[in-house]
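The values are calculated or read from the model by the stated rules, or taken from the named source; none is laboratory data. Every value quoted in this text rests on a predicted model; they were computed, and no experiment measured them. Reconstructed Cβ throughout: ideal geometry from the backbone, glycine too, with neighbour counts over all protein chains shown.
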Amino acid sequence: MSRWQFPLVGEWPDQDLICGGADLDPSTLIDAYCRGLFPMPVSGLPEVLGWWSPDPRGVLPLDNLRVTRSLRQSAKKFDVRMDTCFEDVMLACGDPRREDGWITRDFVDAYTALHRLGWAHSIEVFNADGALVGGLYGVRIGAFFAGESMFHRERDASKVGLMALVSLMRDSRMLLLDTQWATPHLESLGVIDMPRTEYLKRLAEAVQAPHRTSTTE
């Protein structure tokens, strides 16, 4: 149980940034995700740990992923794995050369600890030479997956990782894939805007759903 108390939904301000403070301990993170919050620094105030709940929220319906013929061809060139190099994926996502990078060493350490506890997961994409060229990471609670960040070093590598994630979620009968915000790039892949009230309703259903690992379970 978290030692911090987040504001109740009825007390939330009418903005994406809900509050600041607390810490990145595993109990704090899991409590926050179950409430529809995620951590990210506040622009211009790097020392402030912000807790966000965008309205509207970016969500990728699992039957809405747009996969082109060329993307299917690209996927054949890569080898996709799960949870084999979680920290490497986070470090790539947090590369300081990336525009608007915000993933600090504190975040890497916190989510790597969450990964060791079985809550955080990574999808890794390797090329024919065995080099890590794309991937993503996020947090799973029940039938909910919170996508945090993804990266690519070769064309289509991050999209192939997303394809793999969606396939795994379908096989496990999961219910909700959160992308935080619906950026133009994500919208091109099928991400939609969802009102916060609807998102929180679906989140509550997803985190309480049984944790299944396959369609045959």
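Considering only region 105-113, I want to know if a residue exists there that is in a strand (DSSP E or B) and not assigned by TED's automatic domain parsing to the domain that holds Glu47. Spell out the reasoning first.
Residues of region 105-113 in a strand (DSSP E or B): none.
So far as region 105-113 goes, no, none of its residues is in a strand (DSSP E or B) and not assigned by TED's automatic domain parsing to the domain that holds Glu47.
Within region 106-120, can one find any residue that is touching a helix residue (DSSP H, G or I) at 6+ places or on another chain (Cβ under 8 Å), of a type in the set (A, V, I, L, M) and more than 19 Å from Pro41 (Cβ to Cβ)? Talk me through it step by step, then tell me what you get.
Going through region 106-120, the residues touching a helix residue (DSSP H, G or I) at 6+ places or on another chain (Cβ under 8 Å) turn out to be 107-108, 110-115, 117, 119-120.
This time we only want the ones that are of a type in the set (A, V, I, L, M), so: 108, 110, 113-114, 117, 120.
Next, from what is left, pick out any that are more than 19 Å from Pro41 (Cβ to Cβ): 117.
Checked region 106-120: at least one residue is touching a helix residue (DSSP H, G or I) at 6+ places or on another chain (Cβ under 8 Å), of a type in the set (A, V, I, L, M) and more than 19 Å from Pro41 (Cβ to Cβ).
Results for (1) under 28 Å from Arg202 (Cα atoms); (2) modelled with pLDDT of 95 or more, shown as yes or no for each residue.
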site: Ile18; (1), (2): yes, yes
site: Leu24; (1), (2): yes, yes
site: Ser43; (1), (2): no, no
site: Asn64; (1), (2): yes, yes
site: Arg81; (1), (2): no, yes
site: Asp100; (1), (2): no, no
site: Asp109; (1), (2): no, yes
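Residues Ser122, Ser158: which one is polar (S, T, N, Q), modelled with pLDDT of 95 or more and over 22 Å from Ala209 (Cα atoms)? Spell out the reasoning first.
Numbers: Ser122 fails: over 22 Å from Ala209 (Cα atoms).
Ser158 is the lone residue from the list that is polar (S, T, N, Q), modelled with pLDDT of 95 or more and over 22 Å from Ala209 (Cα atoms).
Can you tell me which of Asp100, Asp79, Asp16 is in contact with a strand residue (DSSP E or B) (Cβ under 7 Å, 6 or more places away or on another chain), charged (D, E, K, R) and within 25 Å of Glu154 (Cα to Cα)? Show your work before the answer.
On the way: Asp100 fails: in contact with a strand residue (DSSP E or B) (Cβ under 7 Å, 6 or more places away or on another chain); Asp16 fails: within 25 Å of Glu154 (Cα to Cα).
The match here is Asp79.
Kindly establish whether Asp88 is in the same structural domain as Gly135 (by TED's automatic domain parsing), farther than 29 Å from Ser167 by Cα, among the acidic types (Asp, Glu) and not in a loop (DSSP other than H, G, I, E, B). Spell out how you get there, then give the answer.
On the way: in the same structural domain as Gly135 (by TED's automatic domain parsing): yes; farther than 29 Å from Ser167 by Cα: no; among the acidic types (Asp, Glu): yes; not in a loop (DSSP other than H, G, I, E, B): yes.
No, not satisfied.
Please go through region 116-129 and give me each residue that is free of Cβ contacts under 8 Å to residues at least 40 places away in the same chain and either under 13 Å from Glu148 (Cα atoms) or more than 16 Å from the chain's Cα centre (by Cα) (or both), ordered by number. Reasoning before the result, please.
Within region 116-129, the first condition is being free of Cβ contacts under 8 Å to residues at least 40 places away in the same chain, and the residues that meet it are 116, 118, 120-121, 129.
Selection gives Arg116, Ala120, His121, Asp129.
Is it true that Arg97 is of a type in the set (Lys, Arg), over 17 Å from the mean Cα position of the chain (by Cα) and surrounded by fewer than 18 Cβ atoms within 10 Å (Cβ to Cβ)? Let's see the steps before the verdict.
Working: of a type in the set (Lys, Arg): yes; over 17 Å from the mean Cα position of the chain (by Cα): yes; surrounded by fewer than 18 Cβ atoms within 10 Å (Cβ to Cβ): yes.
When the stated conditions are applied, Arg97 passes them.
Could you check how many residues of region 167-189 are closer than 17 Å to Asp156 by Cβ and at pLDDT 95 or above? Before the answer, list the steps.
Taking region 167-189 first, the residues closer than 17 Å to Asp156 by Cβ are 167, 185-186, 188-189.
Still in the list and also at pLDDT 95 or above: 167, 186, 188-189.
Residues meeting the conditions: 4.
Pairs, please: C-beta under 8 Å, at least 6 apart or cross-chain, first residue more than 18 Å from Asp55 (Cβ to Cβ) and in region 182-197, second surrounded by 18 or more Cβ atoms within 10 Å (Cβ to Cβ) and charged (D, E, K, R)?
Leu189/Lys159
Of the residues Gly118, Gly135, Gly142, which single one is touching an Asp or Glu at 6+ places or on another chain (Cβ under 8 Å) and of a type outside the set (Lys, Arg)?
On the way: Gly118 fails: touching an Asp or Glu at 6+ places or on another chain (Cβ under 8 Å); Gly142 fails: touching an Asp or Glu at 6+ places or on another chain (Cβ under 8 Å).
Gly135 is the lone residue from the list that is touching an Asp or Glu at 6+ places or on another chain (Cβ under 8 Å) and of a type outside the set (Lys, Arg).
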